[in-house]
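To start, the structure under review is shown below, and the notes come after it.
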Amino acid sequence: MKVFVPLVAVAAIFLLALILGGIPHLQFLIGVVIPYAAIIIFIAGFVARIMDWFKSPVPFCIPTTCGQQKTLPWIKNNELENPSKGSSVIMRMALEVLLFRSLFRNTFSEIRDGRLVHSSRKWLWLGAIVFHATFFTVLLRHMRLFVEPVPRCLHVVELLDSFMQIGTPILYMSGVILLLATVYLFARRIHIPQVKYISLPADYFPLFLIFAIALSGIFMRYFTKVDIVGVKQFIMGLVTLSPRIQPGIGTIFYAHLLLVCTLLAYFPFSKLMHAGGVFFSPTRNMANNSRIVRHINPWNYKVKVHTYEEYEDEFREKMRKAGLPLDKE
Amino acid sequence: MSKTIKPEEMSKINYLPPEKEWMDNKVDIQKGMFCHGAKEASLAAVDFPNPRQWSVTDEDWKLPSNWQEIVIKGMAERLEKYRSFKVFMDVCVRCGACADKCHFYLGTGDPKNMPVLRAELLRSIYRKEFTKVGKILGKLAGGRELTMDVLKEWWYYFFQCSECRRCSVFCPYGIDTAEVTIIARELLNLLGLNIEWLAGPVSNCFRKGNHLGLEPHTITGTIESLVDDIEEMTGVRVNPSFNRKGAEILFITPSGDIFADPGIYTCMGYMILFHELGLDYTWSTYASEGGNFGFFTSNEMAKRLNTKIYAEAKRLGVKWILGGECGHMWRVLNQYMDTWNGPADFLQVPKSPITGTVFENAASTKMVHISEFTADLIKHNKLKLDPSRNDDLIVSYHDSCNTARGMGLFEEPRYVLNNVVNHFHEMPEHTIREKTFCCGSGSGLNASENMDLRLRGGFPRGQAVKFVRDHNNVNMLSCVCAIDRAALSTVCDYWAPGVAVCGVTELVANALVMKDEKKRNKNLRGELLPGCVEEDEEDEDNDEEKEE
């Protein structure tokens, strides 16, 4: 069920797009109305979620320290794993966001010959970083459809992405690798019993969605050979707010588009918000300097305490007998 | 129960999750895995909600009729107050990196002990009650209703988390299950669903100043008896003072150090060290607890207990505070105390009267860790040390979860150890420092009725100790945590028999050559030092004759 429902959902979206894209009268809906709606939902939703996190207070300074603290001057502290100041926090966050530092630490524990042993295990890190890097590259390459003239840096990206010089149109590696990485992330989800056990439909849905997007994109570029000039004119129409349906760009393009729109609209309401959330994690984005600088809790309030006076009142005789000094004789 | 299961049996753990989906698997509360419910009197003593007589094994937990409303309101309030809670409810992608990082999961194989699933127990209710998608799609979106079964499941599993933060080290978003457990326990506490092992010490600490409920004369009496022991071993009579106004330093350590074996040897170590330095310090009977079990019940209770430290420092007019060896105490001191009860502007930035070192890293809290203090002394050659006195010990070091992942105290104790012992071996790399494994009894779970849970939770640590015992002949596991000293003794007896547990300062005091000491032939435990023989009556007589 957990796998089946999201699979059917993605398949349905795909088929719906094929059908709608084939009906000329409905092309405006799928090509213009839905994309605009999706982008608005994405931006508004994303911003709302970020603002929601941003506005919520951080009452305590709770970094997870993964290295030596700043202490005596002759003990070397680990600024990257246990930052003592803001600039080091930026470095720690950069390592986390760009290189997935914490995942890189991953270990695997198992019982071997009656003993519990732990070993380094980097597969998830590799799969994740390849997935995100290729996704980003694909996204970057698509920017050429959104700007005119195409900036030089995008040409460089394309050049690097196609340096193996295979086939016509020339093969971009990122798309294929993205597809493989998605398959890997899916495969581990159903293959590793623990991961399968914890997975929700919401974990499979975006994987299927991204798989379908990548597959339809590859199909369009290498097999049906979509009218790329028409696509660019169509997208520039959307970008310049003068949308016009381009005849003959093919139903597979509309399927690709609707899947992307689904992803955009789904994004702010899903776990995909980890993309923004990672920046707000107090265990990573704070300096471990709470003994040096007082961290302020905006909602700190007075609490009922048991004062020394109350304590002495209760135990005065016993304290006197024990020879303890008293405030009130 | 645990006594009847052999370690070989207990270490056969099935990590394969059941066929049935986790939401459909009703909680099965098993004997040996949980602590007794909090008593009426303990809850009432600190104005905790819903004090009543109840038992975990009863079907009816005697909750207020609107308990669901209380929980949901409590969640809403905490979502407003804690960014951590909100973000951690939202961003988990269930990648599973945390799954095999939890000592309770590794020791039980119970999938609900995987950190991700422990958080999902709460997250599923969050989705259902606080997200649009969850409200509409329900189970399809990973949401579920808050039922009595769910509540019992929360209680069972949030008291099977020791807030050690190991999972948080591995999470790509830094999701900290300790934070989730802290909030979950607060919610349970709103309904009076605490455990007695926490509620009892908390009410003790509130009124009497320490978890054990030691009254002022008992504290002085107990410490005096330790002073006698010190004299017997060293020939030196140390002279601790209590509640003394005008002392330079207030010393605070967990009450377990005063009372429980083997913590008392560490306590003797503190007093020997301070005496040798001629330190102008005082104990307090009012603030006689470094630890803070309030931290494991609610943020407010933690603050109420923690208040005493600064209040007492102010009343006594000390310049700064020195803290003993304790794990969660130091997480609280490092990350919470100043925020709750600061600013401590009536204190001075700590300065070692012996070396002149100013502890800039405690510029605001004004509180220094004993390992920082001792490391500085050794670095400045202020201690005469004879590590060979510890030569019968082959030592390893257990990083306490909280000083490791909530502070980053790694090198100080190691530097100290390397100067006071000659034989030191680290445990395997994935089980130390920021990846250290919990003793299995942290966060107030060191009761006796949940021994099964504690031994299972101590399995990864026990296995690592066993490894160095078998490969390096390690026979002593040192640590800087009072709960560890008590809990690891049990864990080692079970998983790695032959390995004893001690505090770092105990080893310091063994090695410390005091100015006025007699010829020492015993360590603080009264065991013969290497190469020494028991002095019998005759020898003593002879000695006396010679002196005459």
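The values are calculated or read from the model by the stated rules, or taken from the named source; none is laboratory data. These figures come from a predicted structure and were not determined experimentally. Every residue, glycine as well, gets a Cβ built from its backbone with ideal geometry; the counts of neighbours run over all protein chains shown.
Annotations for the structure displayed:
- B:Asp470 passes every criterion in (1) of a type outside the set (Val, Ile, Thr); (2) in a helix (DSSP H, G or I); (3) touching a residue at least 60 places away in the same chain (Cβ under 8 Å); (4) surrounded by fewer than 24 Cβ atoms within 10 Å (Cβ to Cβ) apart from (3).
- Listed by position, the helices (runs of 4 or more DSSP H) enclosed by region A:220-329 that each have at least 3 residues that are more than 9 Å from chain B (Cβ to nearest Cβ) are A:228-239, A:251-266, A:308-321.
- Candidate set: region B:411-450, residues that are under 25 Å from B:Ala302 (Cβ atoms) and of a type in the set (Ser, Thr, Tyr); chosen: the one farthest from the other protein chains (Cβ to nearest Cβ): B:Ser448
- Selected residue (criterion: farthest from B:Pro262 (Cα to Cα)) from residues of region B:214-231 that are more than 9 Å from every other protein chain (Cβ to nearest Cβ) and touching a residue at least 12 places away in the same chain (Cβ under 8 Å): B:Leu214
- The set of residues in region A:33-68 being within 8 Å of another protein chain (Cβ to nearest Cβ) and either assigned to a helix (DSSP H, G or I) or in contact with a Leu (Cβ under 6 Å, 6 or more places away or on another chain) (or both) consists of A:Arg49, A:Asp52, A:Trp53.
- Hits in region B:329-355 - residues which are within 13 Å of another protein chain (Cβ to nearest Cβ), under 24 Å from the mean Cα position of the chain (by Cα) and either over 24 Å from B:Gly246 (Cβ atoms) or not hydrophobic (A, V, I, L, M, F, W, C) (or both): B:Trp330, B:Arg331, B:Val332, B:Asn334, B:Gln335, B:Tyr336, B:Asp338, B:Thr339, B:Trp340, B:Asn341, B:Gly342
- Residue that is nearest to A:Leu185 (Cα to Cα), among those in region B:72-88 that are of a type in the set (A, V, I, L, M) and surrounded by fewer than 24 Cβ atoms within 10 Å (Cβ to Cβ): B:Leu79
- Single match in A:Val183, A:Val195 (criterion: facing chain B (nearest Cβ under 8 Å), closer than 26 Å to B:Leu140 by Cα and not hydroxyl-bearing (Ser, Thr, Tyr)): A:Val195
- Remark: B:Glu289 falls outside the filter, which requires a residue to be over 19 Å from the mean Cα position of the chain (by Cα) and acidic (Asp, Glu).
- B:Asp90 being within 14 Å of chain A (Cβ to nearest Cβ), farther than 24 Å from A:Trp299 by Cβ and of a type in the set (Asp, Glu): no
- Only one of the numbered conditions (1) over 23 Å from the mean Cα position of the chain (by Cα); (2) within 23 Å of B:Thr505 (Cα to Cα); (3) hydrophobic (A, V, I, L, M, F, W, C) is not met by B:Phe467, and that is (2).
- Positions within region B:140-193 being surrounded by fewer than 24 Cβ atoms within 10 Å (Cβ to Cβ), free of Cβ contacts under 8 Å to residues at least 24 places away in the same chain and within 14 Å of chain A (Cβ to nearest Cβ), in sequence order: B:Leu140, B:Ala141, B:Gly143
- For region A:69-92, a tally of residues being surrounded by fewer than 18 Cβ atoms within 10 Å (Cβ to Cβ) and either more than 7 Å from every other protein chain (Cβ to nearest Cβ) or in a helix (DSSP H, G or I) (or both) returns 8.
- Of B:Val368, B:Val420, B:Val395, B:Val416, all but one fail to be among the aliphatic types (A, V, I, L, M) and touching a His at 6+ places or on another chain (Cβ under 7 Å); the exception is B:Val395.
- Top-ranked residue in region B:375-407 [being farther than 30 Å from B:Asp470 by Cα and touching a Ser or Thr at 6+ places or on another chain (Cβ under 7 Å); ranked as farthest from the other protein chains (Cβ to nearest Cβ)]: B:Lys382
- Evaluation of B:Asp261 against the conditions (1) more than 10 Å from chain A (Cβ to nearest Cβ); (2) within 17 Å of the chain's Cα centre (by Cα); (3) of a type outside the set (A, V, I, L, M); (4) within 30 Å of B:Leu347 (Cα to Cα) shows that the sole unmet condition is (4).
- Applying a threshold of 7 Å to beta carbon distances and a minimum spacing of six or more residues, or different chains, the list of pairs starting in region A:304-317 at a residue that is more than 16 Å from B:Arg304 (Cβ to Cβ) and ending at one that is surrounded by 16 or more Cβ atoms within 10 Å (Cβ to Cβ) and at pLDDT 95 or above reads A:Glu312/A:Met319; A:Phe315/B:Glu215; A:Phe315/B:Pro216.
- Just one of (1) surrounded by 19 or more Cβ atoms within 10 Å (Cβ to Cβ); (2) closer than 23 Å to A:Ser242 by Cβ fails for A:Pro24. It is (1).
- With respect to the conditions (1) surrounded by 24 or more Cβ atoms within 10 Å (Cβ to Cβ); (2) within 12 Å of chain A (Cβ to nearest Cβ); (3) farther than 30 Å from A:Lys302 by Cα; (4) out of contact with any His (no Cβ under 9 Å at 6 or more places or on another chain), B:Val358 falls short on a single one, namely (1).
- Qualifying positions in region B:194-212 - facing chain A (nearest Cβ under 10 Å) and either surrounded by fewer than 24 Cβ atoms within 10 Å (Cβ to Cβ) or not in a helix (DSSP H, G or I) (or both): B:Phe206, B:Arg207, B:Gly209
- The sole residue among A:Ser162, A:Ser199 that is in contact with a Phe, Trp or Tyr (Cβ under 8 Å, 6 or more places away or on another chain), among the hydroxyl-bearing types (Ser, Thr, Tyr) and farther than 27 Å from A:Pro35 by Cα is A:Ser162.
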